[in-house]
1. Less than 28 Å apart at the alpha-carbon level, and either on another chain or at least 8 residues along: which lysines does that give for LYS138?
2. Using the alpha-carbon centroid of each, what span in Å lies between the range 172-228 and the range 15-52?
3. As a test, work out the antiparallel percent of DSSP beta bridges whose residues both lie in the range 216-393, rounded to the nearest 5.
4. Let's see if you can work this out: charge +1 on each Lys and Arg Cβ, -1 on each Asp and Glu Cβ, no other charges. What is the dipole magnitude of the range 139-266 about its Cα centre, in debye to the nearest 20?
5. What 222 nm value per residue comes from the helices of the chain, counting each DSSP H run with n ≥ 4 as -39,500 (n - 2.57) and dividing by all residues, nearest 500 deg cm²/dmol?
6. To the nearest 0.05, what FRET efficiency results for GLU27 and ASP379 with a Förster distance of 60 Å applied to their C-beta separation?
7. Test of understanding: in a Gaussian network model of the chain with alpha carbons linked when under 10 Å, which of GLU236, GLU27, GLU281 would top the mean-square fluctuation ranking?
8. Just how large is the dipole of the chain about the Cα centre, in debye to the nearest 20, putting +1 at every Lys and Arg Cβ and -1 at every Asp and Glu Cβ?
Amino acid sequence: MTPEAVAARLEELREAGAKLRRRPARETLDVLERVVESWRDPESPWRRALDRELPAATGFSPAGVREGAARGFGTWSGEALRAVVAREIGGAEAIAGTSTPLVSGFETTAVVLAGQLPMPTVLAMLLPLVLRSPVLAKPASRDSVTPRLAARSVAETDAELGRCVAVVAFESGDEACTRALLAADCVVATGSDAAVAAVAAKVEPPRRVVSYGHRLSLAAVGAAATLGTALDRAAEGLALDVALWDQLGCLSPIAVYVADPAPAAADRIAEALARSLAKVEERLPRGRLEPAASAAIAQARAEAEMRAAAGRGVVLHASATTAWTVVREDAPLTRPAPLHRFVRVHPVRDGAGLVEALRPLGPQLAAVALDGFGADEPDLARALADLGASRLCRPGAMQSPPLAWHHDGRGVLAPLARFTDLETPLA
């Protein structure tokens, strides 16, 4: 892809967008509701193609892709999309100009994609279209499959709307192509904090930049879920949360905090989680692992063994291969997470200790799974929200966020919109 080709695609989108904005907003939203419903359907052409093609492109196992997509897209619906539009911008009427404030999208929107999970990619490409803003998407280096299928799902549902979506692929270091892409009127950037900052620095004002940087997720288990069937249920749910997408998404828990003054509680959670991860591995085997990732897991395991040998209260539970790892830590101190189904279990005394342990992570918190806190849960939820967590849920539900989830604590549609307040009738 040359810079000239990227610029040409953007110009084509401007022309297609001008036609799109003459189309009734309600009609466009109806089309997108059908597209969303089709992504929810495991038998749709795009879902079947995703199941077939994504494993080879990303390294996820076929079973893992099927399960992850079923859970991730399973919360989507046309009704959920309508609810987002109503809640965040006042409905299609606001886009049509028949209510106040008036809402419009930008003339064009560029989407710089990152990661390997398909749900965020599809949603990032569909949302600007709700506002009648054409989309030029640059795929992530590890997923060229999902953007192409997302564009196809729009085009085959409605040809006119399909002309408002384009995908351009080029090397991330290609500065000329990047400048051509970032000539769009609105830029959505996802990825690491450094990558997002690098994109934002290249966007010239007054263009808008909507950034989604690094986030992480955790789990917290209270005393009521550290024994008996409640323990087994929590461990099974957490094992699924860790295993889906091989712990590579922002909603994958990297650690479990056990809020119980009894030291044995953390031991029980670690042991149960290890058993559950072993069972999940049989049904949803971990995908392909790069040598650097394998080396990082081996190093982290060796480091845990050294601390255990030194008399620390650290216990390593690990598969014969690097398929899964659980480290029972002896302190709340956060440690590096190699990912790829590597999870640490930290003891804390109570809910207050949990909040203090997570305080340094607050600005990066995405989701926290909670279980076993009983009557203390509402206060704990408020405290975690104050730290910055944008989603609280039960173990086993972390990889199934609602379409309307406030990613990074903000709406999913409003950041892409322009609002105009009408203070007097314009007769």
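1. Excluding near neighbours in sequence, the set is LYS19, LYS202.
2. 24
3. Values: 4 of 26 bridges.
Beta bridges within the range 216-393, antiparallel portion: roughly 15 percent.
4. On the way: 10 positive and 15 negative charges, 54 e Å.
The calculated dipole for the range 139-266 is roughly 260 debye.
5. On the way: 16 runs with 199 residues, N = 427.
The helix-only estimate for the chain comes to -14500 deg cm²/dmol at 222 nm.
6. Working: r = 47 Å, r/R0 = 0.78.
Efficiency computed from Cβ-Cβ geometry: 0.80.
7. GLU27
8. Details: 48 positive and 51 negative charges, 81 e Å.
Approximately 380 debye in magnitude.
We did not get these values from a lab; they are worked out from the coordinates using the rules stated. Keep in mind that this is a model prediction, so the values were computed, not measured. Glycine gets a Cβ as well: all are built from the backbone with ideal geometry, and neighbour counts include every protein chain shown.
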